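Engineer: Okay, here's the structure, questions in a sec.
The values are calculated or read from the model by the stated rules, or taken from the named source; none is laboratory data. Computed from a predicted model, the values in this text were never measured in an experiment. Methodologically, a virtual Cβ is constructed for each residue, glycine included, from the backbone with ideal geometry; neighbour enumeration extends over all protein chains shown. Only protein heavy atoms, including side chains, enter the accessible area calculation; ligands, DNA and RNA are left aside. Shrake-Rupley method; radii C 1.70, N 1.55, O 1.52, S 1.80 Å.
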Amino acid sequence: MDYTFQWREAFEQLPYLLGGAWITLHLSFLGFWAGCTIGLFGALAKTYGPRWLIRLVDIYVVFFTNTPGLVTAFFIFFGLPEFGIVLSPYEVMLLNIALNSGGYITEVMRGGFLSVRQAEVEAATAMGFSLLQRLRFVIVPHIAKVLFAPLSNWYIWIILGTAAASIFGVEELTGRAFNAASDTFRSIEIYLMVAFLYVAITILASFVLAMIGRWQFRVKVKVF
C-alpha cells in the first residue's frame, strides 16, 4: 500500500466537521423528543382509546416499523411536494426521524403502560384523578425506570442514523465529511476523524443519559 497520511490537511477541516457534529446532535435531539411525543400519545391511544383509534394507531405503527427509514425519507422528500408541501432537507429528515421513532416508541411506551400495577391506577381513579393526572403522578414515575434503558439506546441509534441525512444535502457530520474529503482528497484521514467523532458523540451522549437516569429516575445505568 503506497499511501502517505497527511493529517495536517485533515485537521484543518476539524472545525468544519465539528459544526456538522452540532447539526447531528440537535437533529437527533429534536427528532427523538418529537418521536417520544408521538409515541406517548400513540401508546395512550392503544392502551385507553376506542377501538377505531387503536386500529388507526396500529396501521401507523405497522407501516413505520416495517419500512426502511430511508424509503420513508425519499417519500417525504419527493412525495410531499406533489401535494404542495415543500420542506427543506433538514425538515424532511426531522419529520422522518420523528415519524419512524414514533412508531417504535409507541410500542415501547405501551409496554411501559401495561407494566403499571392496575391497583395503583384504580386507586388513583377512585381518588378522582383525571387521565392526565394519572399519567403524571402514577404512570410516568413507574414507567420511567422501565423505559429509560430502551429509550436511551434508541436515542443513540438515532444519532448514528442521522448520517442518512447527508443523502438529501443536510450538512450534518457525514455530509460535511463528504465535502471535506472532496476538497482535500484525504478521504482516509477525514473518515477516520469522523468515525472517532461519532464514537466521541455516542460516548458523551451515553454518559449524559446515564447521569440523568441515576440522578432523576434512580436508574442503575452503565455507560459501558
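Engineer: Restricting the search to the stretch 107-147, which residues are small (Gly, Ala, Ser) and either open to solvent by 70 Å² or more (accessible area, probe 1.4 Å) or more than 30 Å from Gly69 (Cα to Cα) (or both)? It would help to see each step written out before you state the result.
Structural biologist: Of the residues in the stretch 107-147, the ones small (Gly, Ala, Ser) are 111-112, 115, 119, 123-124, 126, 128, 130, 144.
Result: Ala119, Ala123, Ala124, Ala126, Gly128, Ser130.
Engineer: Here's something else I'd like to know. List every residue pair whose Cβ atoms lie under 9 Å apart, where the two residues are 6 or more positions apart in sequence or sit on different chains, the first residue falls within the stretch 1-23 and is under 16 Å from Ala200 (Cα atoms) and part of a helix (DSSP H, G or I), and the second residue, located anywhere, is of a type in the set (Phe, Trp, Tyr) and at pLDDT 95 or above.
Structural biologist: Matching pairs, first to second residue: Ala21/Tyr198; Ile23/Tyr90.
Engineer: Filter the stretch 30-82 down to residues that are in contact (Cβ under 8 Å) with a residue 60 or more places away in the chain, open to solvent by less than 50 Å² (accessible area, probe 1.4 Å) and not hydrophobic (A, V, I, L, M, F, W, C), then give me how many there are.
Structural biologist: Selection size over the stretch 30-82: 7.
Engineer: Determine which single condition Gly128 fails, assuming it passes every other condition in (1) outside any helix (DSSP H, G or I); (2) among the small types (Gly, Ala, Ser); (3) within 15 Å of Ile23 (Cα to Cα).
Structural biologist: The number of the failed condition is (3).
Table: residues versus (1) buried (at least 16 other Cβ atoms within 10 Å of the Cβ); (2) in contact with a strand residue (DSSP E or B) (Cβ under 7 Å, 6 or more places away or on another chain); (3) at pLDDT below 90.
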site	(1), (2), (3)
Val170	yes, no, no
Phe178	yes, no, no
Ser182	no, no, no
Tyr198	yes, no, no
Val208	no, no, yes
Trp215	no, no, yes
Arg218	no, no, yes
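Engineer: Could I ask something else about it? Among the residues that make up the stretch 148-164, is at least one of them modelled with pLDDT under 95, touching a helix residue (DSSP H, G or I) at 6+ places or on another chain (Cβ under 8 Å), open to solvent by 30 Å² or more (accessible area, probe 1.4 Å) and assigned to a loop (DSSP other than H, G, I, E, B)?
Structural biologist: Taking every residue of the stretch 148-164 in turn, none turns out to be modelled with pLDDT under 95, touching a helix residue (DSSP H, G or I) at 6+ places or on another chain (Cβ under 8 Å), open to solvent by 30 Å² or more (accessible area, probe 1.4 Å) and assigned to a loop (DSSP other than H, G, I, E, B).
Engineer: If you don't mind, there's one more thing I want to ask. Of the residues that make up the stretch 83-100, is at least one of a type in the set (Gly, Ala, Ser) and in a helix (DSSP H, G or I)? I'd like the intermediate steps shown before the answer.
Structural biologist: Going through the stretch 83-100, the residues of a type in the set (Gly, Ala, Ser) turn out to be 84, 88, 98.
Filter once more, so that each one left must be in a helix (DSSP H, G or I): 98.
The answer is yes; a qualifying residue exists.
Engineer: Give the stretch 83-103 a look and list any residue that's open to solvent by 40 Å² or more (accessible area, probe 1.4 Å) and farther than 29 Å from Arg176 by Cα, or say none.
Structural biologist: Those that are open to solvent by 40 Å² or more (accessible area, probe 1.4 Å) and farther than 29 Å from Arg176 by Cα: Phe83, Gly84.
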